[in-house]
Amino acid sequence: MSEFGTGHKGEVVLAARNVAKSYGNVHALKGVNFDIHRGQVTTLFGENGAGKSTLMKILSGVIQPTSGEIILDGQPISFASSSQARDHGISIIHQELSLAPNMNVRDNIFMGREIMTATGVDFAEEERQTRLLMQDLEEDIDPLTPVEELRLGQQQIVEIARALSVNSRILIMDEPTSALSASEVEVLFKVIRDLNSRGVSIVYISHHLEEALQITNHAVVLRDGAMTAYAERKEIDLEWIVRHMVGDNFDLGSPPTGYDKGAVALSIEGITVPDAAGAGYLVVDGLSLSVREGEIVCIYGLMGAGRTELLESVAGRLRSTAGRVMLKGRDVTGQSIAQCIRDGLVLVPEDRQRDGLVQTMTVGRNLSLASLGAFTRGLFTSFSREAGLVTESIRKVHIKTDGGGAAIGSLSGGNQQKVVIGKMLATEPDVILLDEPSRGIDIGAKAEVFKLLAERAKQGLAVIYTTSEVGECLSIAHRIIVMRRGRISAEFGPDVTKEQIMAASGEAVVAH
Ligand SMILES: Nc1ncnc2c1ncn2[C@@H]1O[C@H](COP(=O)(O)OP(=O)(O)OP(=O)(O)O)[C@@H](O)[C@H]1O
Ligand SMILES: [Mg+2]
């Protein structure tokens, strides 16, 4: 099927031939064939654990295939490392961010590729180029800011900038937009089209299917490590993608049907959080909100609206300077995270790598970690009860893993996200706060998580979750709160329209 050529748009530049990858008896990829065309976008679709990241890591030299071939410009080639692939013009933006948190933006972008003069690193030139990259991405980030001070979406932009700075011919983007706002996505898509017009090929992965369709020229669908479909844009639509991703019997579930008003479970009263950098404004500005037993409240807002800071200050992760948090009528303001968990108030944090998972522990231990208190008598942990909980959690949130003993890093990105959700649900909380819980999980898993939350809510769990996807609010929430600049700008029932929600957030309403 390939036609390798010499620089015309649409010609095949890179191809995978029978590429397979196994980890012991886990067959992550089972012989995949497809072409990447010059100056076009090839998008990979597939459920969590389908093999997308594995395939991209092979194309970019991060890992080697068990069998099969990579063909570059008509010639078989193998990369021993990602820097070797980079020398051939192939770069990758990883799904899990790989920045050094305590280093600044400039140094992260040029790490390992410093611009040198006779006397040493040319920091001024690096800074100038960083500023230009930020301009291209229309992002107001100072090159000298330490990365740990940036919000997750901005860190993702830095990751993108680093890949752009390499001047690749083939740029692989594994979930580049999972933490970006709608306007940041728009800018990225402009950048992608610009790269395309200069002959750069993009390989793109996303669980935002409709969004990805906007830039897709060719689509590859993976399912359980095998390719189930490969077609051009004009032949495909959303239904086609979903059908090939998950098969025919697919049910996205239906929105919740109201709830029985219980007592107030959580009451947030005038919570105030100043900005971290000390610029003098309030990220959360005297915000009050209460949630009842059995109620699911969705907080919608743009990136930077203060949603993360609100949830973190309620759950003991961040200190508020004013206001109080009442849990079932008891004041829990300023309690530690551990104490909040013991009292039944838990948070699924936005940044799973930093706050949600312990990378050195197994899947099972990560799942049971927050509930360990319940199994421990003195120094002894009841291992059988722990094992029971782990098996139960894996089943309930549909984690695709070899078993509880697997390393957390061996799970696909979306499955790691499910572990964080499962871990917090396993503590049997009264109130659960979820910060962008659907980040990186596929549409089937999203529906499962929503179903699980709705079930638990029926049993009395109070739920607050944040999202940047307006459609999500409508698919699960009993009540929708819109946050803007640290305050509540609107409140709606479930029968609101997408446009009304977006308008209240300060977002330009774009017709789809
Ligand atoms: N180092 C590893 N050891 C063992 N199994 C692994 C390893 N890396 C990946 N796998 C397995 O390979 C399969 C494919 O994983 P991959 O990360 O490619 O999925 P993905 O399609 O990118 O999913 P997601 O949408 O969740 O990111 C999964 O079952 C995963 O657990
Ligand atoms: Mg992945």
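Here is how the numbers come out for the structure above:
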item	result
Scope segment 37-58; condition away from ligand 1 (no atom under 12 Å from the Cβ) and either farther than 14 Å from GLU175 by Cα or not polar (S, T, N, Q) (or both); matching residues	HIS37, ARG38, GLY39, GLN40, VAL41
Some residue of segment 475-484 being assigned to a helix (DSSP H, G or I), assigned by TED's automatic domain parsing to the domain that holds CYS340 and over 20 Å from the mean Cα position of the chain (by Cα)	no
One residue from GLY409, GLY444, GLY440 being within 16 Å of ligand 2 (Cβ to nearest atom), assigned by TED's automatic domain parsing to the domain that holds GLU309 and in a helix (DSSP H, G or I)	GLY444
Count of residues meeting criterion [in a strand (DSSP E or B), open to solvent by 30 Å² or more (accessible area, probe 1.4 Å) and over 30 Å from PRO146 (Cβ atoms)] in segment 276-325	4
Qualifying residue in segment 25-34 (condition: within 27 Å of HIS398 (Cα to Cα), open to solvent by less than 10 Å² (accessible area, probe 1.4 Å), within 13 Å of ligand 2 (Cβ to nearest atom) and modelled with pLDDT of 95 or more)	yes
Residue check, GLY51 more than 16 Å from ligand 2 (Cβ to nearest atom) and touching a residue at least 40 places away in the same chain (Cβ under 8 Å)	no
Condition check for ASP355: modelled with pLDDT under 90 and within 16 Å of ligand 1 (Cβ to nearest atom)	no
Those residues of segment 412-437 which are outside any loop (DSSP other than H, G, I, E, B) and within 8 Å of ligand 1 (Cβ to nearest atom), in sequence order	GLY413, GLY414, ASN415, GLN416, GLN417
Residues within segment 201-211 that are modelled with pLDDT of 95 or more and either open to solvent by 10 Å² or more (accessible area, probe 1.4 Å) or away from ligand 2 (no atom under 14 Å from the Cβ) (or both), tallied	2
Tabulated pairs, segment 185-208, first among the small types (Gly, Ala, Ser), second within 16 Å of ligand 1 (Cβ to nearest atom) and assigned to a loop (DSSP other than H, G, I, E, B), C-beta under 7 angstrom, 6+ apart or interchain	SER206/GLU175; SER206/THR177
Looking only at segment 54-80, and only at residues there that are part of a helix (DSSP H, G or I) and in contact with a helix residue (DSSP H, G or I) (Cβ under 9 Å, 6 or more places away or on another chain), the one that is nearest to ligand 2 (Cβ to nearest atom)	LYS57
In segment 221-235, the residues that are part of a loop (DSSP other than H, G, I, E, B) and open to solvent by 10 Å² or more (accessible area, probe 1.4 Å)	ASP224
Criterion (surrounded by 19 or more Cβ atoms within 10 Å (Cβ to Cβ) and outside the structural domain of GLU469 (by TED's automatic domain parsing)) met by exactly one of VAL105, VAL121	VAL105
Tally of residues being open to solvent by 40 Å² or more (accessible area, probe 1.4 Å) and within 11 Å of ligand 1 (Cβ to nearest atom) across segment 386-400	1
Selection status of SER489, open to solvent by 10 Å² or more (accessible area, probe 1.4 Å) and within 28 Å of ILE337 (Cα to Cα)	no
Single condition GLN84 does not satisfy, out of (1) more than 16 Å from ligand 2 (Cβ to nearest atom); (2) farther than 23 Å from ARG352 by Cα; (3) loosely packed, with under 14 Cβ neighbours inside 10 Å	(3)
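Here is a yes/no grid of residues against (1) in a loop (DSSP other than H, G, I, E, B); (2) open to solvent by 20 Å² or more (accessible area, probe 1.4 Å); (3) within 16 Å of ligand 1 (Cβ to nearest atom):
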{"residue": "LEU132", "(1), (2), (3)": "no, yes, no"}
{"residue": "GLU138", "(1), (2), (3)": "yes, yes, no"}
{"residue": "VAL158", "(1), (2), (3)": "no, no, no"}
{"residue": "VAL166", "(1), (2), (3)": "yes, yes, no"}
{"residue": "THR177", "(1), (2), (3)": "yes, no, yes"}
{"residue": "GLY199", "(1), (2), (3)": "yes, no, no"}
{"residue": "ALA219", "(1), (2), (3)": "no, no, yes"}
{"residue": "TRP240", "(1), (2), (3)": "no, yes, no"}
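The values are calculated or read from the model by the stated rules, or taken from the named source; none is laboratory data. What you see is a predicted model; the values in this text were computed from it and never measured. With ideal geometry, Cβ positions are generated from the backbone for all residues, glycine too; neighbour counts draw on all protein chains shown. Ligands, DNA and RNA are excluded from the accessible area calculation, which covers all protein heavy atoms including side chains. Shrake-Rupley method; radii C 1.70, N 1.55, O 1.52, S 1.80 Å.
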